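Written out below as structure tokens is the structure these notes cover.
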Amino acid sequence: QVQLVESGGGLVQPGGSLRLSCAASGIIFRLDAMGWYRQAPGNQRELVATITSGGSTNYADSVKGRFSISRDNAKNTVYLQMNSLKPEDTAVYYCNADYRSTTNWSKYAAWGQGTQVTVSS
């Protein structure tokens, strides 16, 4: 199994910045695409950004130009740099990873526990 642990959330004023990290650990595995999702109270979970194993990225229109996703394959870690934060960015942010077991090459998906991001003055 693979465990994802997010960190870096917190309270920040509008216009501020936060950097989220998500580290994958567990038994032998191979990571594929990773991504960040968020869920605000009363809303369903939405995609924020994704990054492939080769580094290709995709962003939700609402965060383009403000957020940047990156990964360090050597550390099995994905990051989300969030700049120019707005109150509407307030949500629980979840890390997601697609991976394969190196035992049987089956595909799986893992989710982190989530980290709260609150943007408020």
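The values are calculated or read from the model by the stated rules, or taken from the named source; none is laboratory data. Keep in mind it's a predicted model, so treat the numbers as computed, not measured. Because the Cβ atoms are built from the backbone with ideal geometry, glycine has one as well, and the counts that use them run over all protein chains shown. Note: accessible area is taken over every heavy atom of the protein model, side chains too, but ligands, DNA and RNA are not part of it. Shrake-Rupley method; radii C 1.70, N 1.55, O 1.52, S 1.80 Å.
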From the list Y99, Y37, exactly one residue is open to solvent by less than 60 Å² (accessible area, probe 1.4 Å) and either over 14 Å from the mean Cα position of the chain (by Cα) or over 17 Å from S7 (Cβ atoms) (or both). Which is it? Y99
Looking at (1) within 11 Å of W36 (Cβ to Cβ); (2) modelled with pLDDT under 95; (3) of a type in the set (S, T, N, Q), which is the one condition that is false for T103? (1)
Within region 50-61, can one find any residue that is under 19 Å from Q113 (Cα atoms), modelled with pLDDT of 95 or more and assigned to a strand (DSSP E or B)? yes
Looking at (1) of a type in the set (D, E, K, R); (2) free of Cβ contacts under 8 Å to residues at least 60 places away in the same chain; (3) loosely packed, with under 15 Cβ neighbours inside 10 Å; (4) assigned to a strand (DSSP E or B), which is the one condition that is false for E88? (4)
Qualifying strands (runs of 3 or more DSSP E) (wholly inside region 1-47; at least 3 residues being within 16 Å of V63 (Cβ to Cβ)): 18-26, 29-39
So, G26, is that one at pLDDT below 95 and either surrounded by fewer than 21 Cβ atoms within 10 Å (Cβ to Cβ) or more than 10 Å from the chain's Cα centre (by Cα) (or both) or not? yes
